[in-house]
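The structure under discussion appears below in the form of structure tokens.
The values are calculated or read from the model by the stated rules, or taken from the named source; none is laboratory data. Quick caveat, the model's predicted, so the values are computed rather than measured. FYI the Cβ positions are ideal-geometry reconstructions off the backbone, even for glycines, and counts take in every protein chain you see.
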Amino acid sequence: MSLIERQINDIARDRALRYIGEDLIDIYDKVVSRTRLNFEDGVRLYKAPNLSAVGFMANIVRERMHGDRTYYVRNQHINYTNICNKFCKFCSFYAKKGGPAPYEMDMAEVKRKLLEHIDVPITEVHMVGGIDPRLPYQYYLDLLHTIKQVRPGVHIKAFTAVELVEIQRQAGKPLEEVLRELMAAGLDSLPGGGIEILSDRVHQELFDRKLDGNEWMDVARVAAKVGLTQYATMLYGHIETIEERVEHLVKMRELQDETGHFVTMTPLSFHPEGTELEHIAHPTGYDDLRNIAVARLMLDNFEHIKSFWIMNTAQVTQLALWYGADDVDGTVHEYEITYKDGDHGNKKQLLTRKQMIKMIQEAGRTPIERDSLYREIAEEPVPVDAPRTFIPLDVVQ
Ligand code: SF4
């Protein structure tokens, strides 16, 4: 490093010290020197009173990796069934007495859903569902075939590890063989999810009928072996501790060191409405921003951190673009997993491309339309009649 560069760094550090304070300056030094943060650093970042300092450091990493670039995708969600035998306490999606009515889509229904949005140049179909042991292996193959038939060339991101274990059970074959067959039928990547948080305690208390953390990681390893791109999530804001959040991030980082197949981490803000945990308060915007920032700082081997606007709200997502997030997910045609105020009839959770662009630009970032693998989509002109009020209050949570 030249003398001038050293002097510039010293000036930046002096300024950072004034802004961040003595208690986090050692973490700042690690961030600027690209030194990996450890478990204790992660806990301190969660507990530090100065959220802006944490966001400031996350933004250094975000801008070093992506500059102002902020990614979005035009996508459609398909949730093929809400019948499920896992009864997770944090879930409002599965059919139950007093909750959502049961449904299961046949192929005609899947086709109809796809055709509803056929005029939108969607590049990704995101598909997950409940665990209904009556569904045969062929059903899952048919889902993939149907989507590719209606939308040739679309990227299918589908099936959590929990679903994959059930699909394998139905197939009666080794997971590796099943994954290869699903890929031949059209599966392109795995959305992550299914483990929520890698903690045995939380697993026991909230979702003990689902696979545990070790089993989840084994599925991820087999998926990496067959070459499937994967995405990762962390559900926070229920009964987990700060230490369990950090443990989750460290374990995901280790798994990524081992497999290299994860592209994005999405911290998911828990919505208690309609779940068995309704007594728990919803995470605040403050907590949402902190989870984005800490994920960016801890996960040095993840390329992207997503603020999923449906769960974080579009408003918090705008701020998150300065707290480490470089991705906002998508236009999301028909999302059924998390309902606004427990309203199971409201499925209109959608931002149009114009609204998405405006949301990102208003936050001072540069919108980039991407495909599922973060390849840039050639720019189309934005229609000139983009409305000034870009987020209708009735379509955001
Ligand atoms: Fe079923 Fe998934 Fe809901 Fe658990 S989270 S009850 S596995 S749909």
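Right, Ser189: polar (S, T, N, Q), within 16 Å of the ligand (Cβ to nearest atom) and in the same structural domain as His126 (by TED's automatic domain parsing) or not? Working first, answer last.
Values: polar (S, T, N, Q): yes; within 16 Å of the ligand (Cβ to nearest atom): no; in the same structural domain as His126 (by TED's automatic domain parsing): yes.
So Ser189 fails the test.
Determine if region 68-79 includes at least one residue that is within 16 Å of the ligand (Cβ to nearest atom) and at pLDDT below 95. Steps first, answer last, please.
The initial filter retains those residues of region 68-79 that are within 16 Å of the ligand (Cβ to nearest atom), namely 77-79.
With the extra rule that they be at pLDDT below 95, the set shrinks to 77.
Looking through region 68-79, at least one residue is within 16 Å of the ligand (Cβ to nearest atom) and at pLDDT below 95.
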Helices (runs of 4 or more DSSP H) contained in region 122-224 and holding at least 1 residues touching a Pro at 6+ places or on another chain (Cβ under 7 Å): 161-171
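Going through region 321-341 one residue at a time, which ones are within 16 Å of the ligand (Cβ to nearest atom) and either within 23 Å of Asp119 (Cβ to Cβ) or at pLDDT 55 or above (or both)?
Step one: of region 321-341, the residues within 16 Å of the ligand (Cβ to nearest atom) are 335-339.
If the condition is that a residue be within 16 Å of the ligand (Cβ to nearest atom) and either within 23 Å of Asp119 (Cβ to Cβ) or at pLDDT 55 or above (or both), then Tyr335, Glu336, Ile337, Thr338 are the ones that fit.
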So which pairs qualify, if the first residue must be in region 192-218 and in contact (Cβ under 8 Å) with a residue 60 or more places away in the chain, the second must be near the ligand (Cβ under 10 Å from one of its atoms), the Cβ gap must be under 6 Å, and the two must be at least 6 apart or on different chains? Gly193/Thr160; Glu196/Leu235; Leu206/Lys89; Leu206/Phe90; Phe207/Cys88; Arg209/Lys86; Lys210/Lys86; Lys210/Val162
Expected output for region 135-149 (first residue closer than 17 Å to Asn82 by Cα, partner of a type in the set (A, V, I, L, M) and surrounded by 20 or more Cβ atoms within 10 Å (Cβ to Cβ), Cβ below 6 Å, 6+ apart or cross-chain) is Tyr140/Ile167
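So that you can scan it fast, the table gives a plain yes or no per residue for (1) modelled with pLDDT of 95 or more; (2) touching an Asp or Glu at 6+ places or on another chain (Cβ under 7 Å); (3) away from the ligand (no atom under 16 Å from the Cβ):
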residue	(1), (2), (3)
Glu40	yes, no, yes
Val43	yes, yes, yes
Ala53	yes, no, yes
Gly99	no, no, no
Asp106	yes, no, yes
Lys111	yes, no, yes
Pro121	no, no, yes
Tyr140	yes, no, no
Thr146	yes, no, yes
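Away from the ligand (no atom under 16 Å from the Cβ) and crowded, with 20+ Cβ neighbours inside 10 Å: which single residue out of Leu206, Leu179, Leu198 fits that description? Before the answer, list the steps.
Working: Leu206 fails: away from the ligand (no atom under 16 Å from the Cβ); Leu198 fails: away from the ligand (no atom under 16 Å from the Cβ).
After applying the criteria, what remains is Leu179.
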